[in-house]
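Enquirer: The structure is given below, and queries will be raised subsequently.
Please treat every number below as a calculation from the coordinates, not as lab data. Just so we're clear, the structure is a prediction, and the values are computed from it rather than from any experiment. In this analysis, Cβ positions are derived from the backbone assuming ideal geometry, glycine residues included, and neighbour counts consider all displayed protein chains.
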Amino acid sequence: MRPSSRDEFAIAIICALTLEAEAVEDLFDETYDRLGESYRKEPGDDNAYVNGRIGNHNVVLCYMPGMGKGSAASVASSLKISYKRVEVALVVGICGGAPYPLSDGEIFLGDVIMSDSVVQYDFGRQYPGGFEKKTDVKDTLGRPNRAIRSMLASLQARRSRRDLQEKLSRHLQTLQESLPDWHRPTSIDDVLFEASYQHKHYGITSATCLCLNGTPEDICKAAIDSTCTLLGCDLGRVCRRRSSAEHNSPRVHIGTVASADTVMKSGKHRDRLVESEGVVGFEMEGAGVWDNISCIIIKGVCDYADSHKNKAWQLYAAATGAAAAKAFLEYWEPTSREG
């Protein structure tokens, strides 16, 4: 039954990119209104919303005006002005993945990460000798509330995880039947380079090229904007490859997510955070929402958070993230009554 007011919405979904929100909206079972046609907003709320139903849940989908935890915090804060009964927010979209996490097997492009904790890795002190992340209890984001922790713990069990992934695959198939864009890339292999091998020029380009004349870590803009194919990245430095002909179902990985305003594009720094914090993925919005509303980050892996990252897998990763969010909601029971 269509809700009579905003007080009957207990679930929010927050997306930073339009393509992320489109994937979520394509999985709505019913759309109630778009941009406040029926439910309006309270004065002082600058967010843009689409209201609808996913399964048994009334859901408010929030479009963010930009990326980053500051924008996410602002959206989450404004959300509470108009939707006072929202109990949990799902931060859904795309992220960088840790290819070799400390546990739970390898992570591949198109897999999905779910957060059971968040670490804000750009929050700390810059000293002459380097950056020191703050780790005091009062400075860390910690764990989600008890209801979320219980749900995530149950989904880590072997049979529950398998059931979750089967639901994810069904919802992904529904998305792909609605629009071919959501399919896995058919001509691009899933390639992981050695963590120390950078995406840069290694031959003569120009006398001013930073790749050749700067520090070992410097990369010129031309190299950054080039694909590995155009740049001629050495395929001998590939340490793992999955052919585009392989049809592997996405897997779900539950663990710590690293969140920051800084885009992670360094294989070496990525692996250091995996080793020190046990992270499974890297993204830019979760920390902002986490401090305002009980939330879970659910994102599809579109790159390996290294200098070789590109946009080739973004649409497919957005689709797997949205499908996983819908699968998760099939298990979630709100405290208050919806509908």
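Enquirer: When only DSSP loop residues count, what trypsin sites (Lys or Arg not before Pro) in segment 246-292 have their Cβ near at most 15 other Cβ atoms within 10 Å? Mind showing how you got there, number by number?
Expert: On the way: sites: ARG251, LYS265, LYS268, ARG270, ARG272; in loops: ARG251, LYS265.
Counting only loop positions with at most 15 other Cβ atoms within 10 Å, none of the trypsin sites (Lys or Arg not before Pro) in segment 246-292 qualifies.
Enquirer: Loop-only check: which chymotrypsin sites (Phe, Trp or Tyr not before Pro) in segment 186-217 are DSSP coil with at most 15 other Cβ within 10 angstrom? Numbers along the way, then the final one.
Expert: On the way: sites: PHE193, TYR197, TYR202; in loops: TYR197, TYR202.
The qualifying sites are TYR202.
Enquirer: Multiply the residue gap between THR174 and GLU333 by 0.36 nm, knock off their C-alpha separation, and tell me the result in nm, one decimal place. Kindly include the intermediate steps, with their values, before the conclusion.
Expert: On the way: separation 159, 0.36 × 159 = 57.24 nm, distance 2.35 nm.
Here the segment from THR174 to GLU333 would lengthen by 54.9 nm.
Enquirer: What is the ratio of the Cα radius of gyration of segment 1-117 to 2.2 N^0.38 Å, where N is its residue count, to two decimals?
Expert: Working: Rg = 15.4 Å, N = 117, 2.2 N^0.38 = 13.4 Å.
After normalising by residue count via 2.2 N^0.38 Å, the value is 1.14.
Enquirer: Still on this model: Taking the dipole about the Cα centre of the chain, with the C-beta of Lys and Arg at +1 and of Asp and Glu at -1, give me whichever of SER160, GLY203, ALA23 is farthest to the positive side.
Expert: Farthest towards the positive end: SER160.
Enquirer: Turning to a different aspect of this structure: Using alpha carbons only, how many degrees (0 to 90, rounded to 10) separate the axis of helix 69-82 from the longest principal axis of the chain?
Expert: Roughly 0 degrees, rounded to the nearest 10.
Enquirer: Follow-up. Sticking with the crude label model, points 7 Å out along Cα→Cβ, report the distance from SER187 to ASN248 in nm, one decimal please.
Expert: Computed distance between label sites SER187 and ASN248 equals 2.3 nm.
Enquirer: While we're on this one: Distance cut-off 24 Å, Cα to Cα: go down the list LYS265/LYS326; LYS268/LYS299; LYS41/LYS299; LYS69/LYS311; LYS221/LYS268; LYS69/LYS167 and report the pairs above it.
Expert: Among LYS265/LYS326; LYS268/LYS299; LYS41/LYS299; LYS69/LYS311; LYS221/LYS268; LYS69/LYS167, the Cα-Cα distance tops 24 Å for LYS265/LYS326; LYS41/LYS299; LYS69/LYS167.
Enquirer: Could you work out the local net charge near ASN47, counting Lys and Arg as +1, Asp and Glu as -1, over the other residues with Cβ closer than 11 Å to its Cβ? Walk me through the numbers on the way to the answer.
Expert: Numbers: positive: LYS41, LYS80; negative: GLU42, ASP45, ASP46.
Net charge in that neighbourhood comes out at -1.
Enquirer: Further question on the same structure: Can you give the convex hull volume of the alpha carbon atoms of the chain per residue, in Å³? Intermediate results must be reported in sequence, preceding the final value.
Expert: Details: hull volume 50.6 nm³, N = 339.
About 149 Å³ per residue, rounded to a whole number.
Enquirer: When you count, for each residue, the other Cβ atoms within 10 Å and take the mean per peptide, how do 282-289, 60-67, 113-120 rank with the highest first?
Expert: Details: 282-289: 28.0, 60-67: 19.2, 113-120: 24.0.
Put in order of decreasing packing, that is 282-289, 113-120, 60-67.
Enquirer: Follow-up question, since we're still on this one. Between GLU106 and ARG272, what is the spin-label point distance in nm, taking each point 7 Å from the Cα along the Cα→C-beta axis?
Expert: 2.6 nm
Enquirer: I need the semi-axes of the equivalent ellipsoid of segment 259-314: take the C-alpha gyration tensor, multiply each eigenvalue by 5, square-root it, list largest first in whole angstrom. Show your work: numbers first, answer last.
Expert: On the way: eigenvalues 83, 43, 18 Å².
Semi-axes (√(5λ), whole Å): 20, 15, 10.
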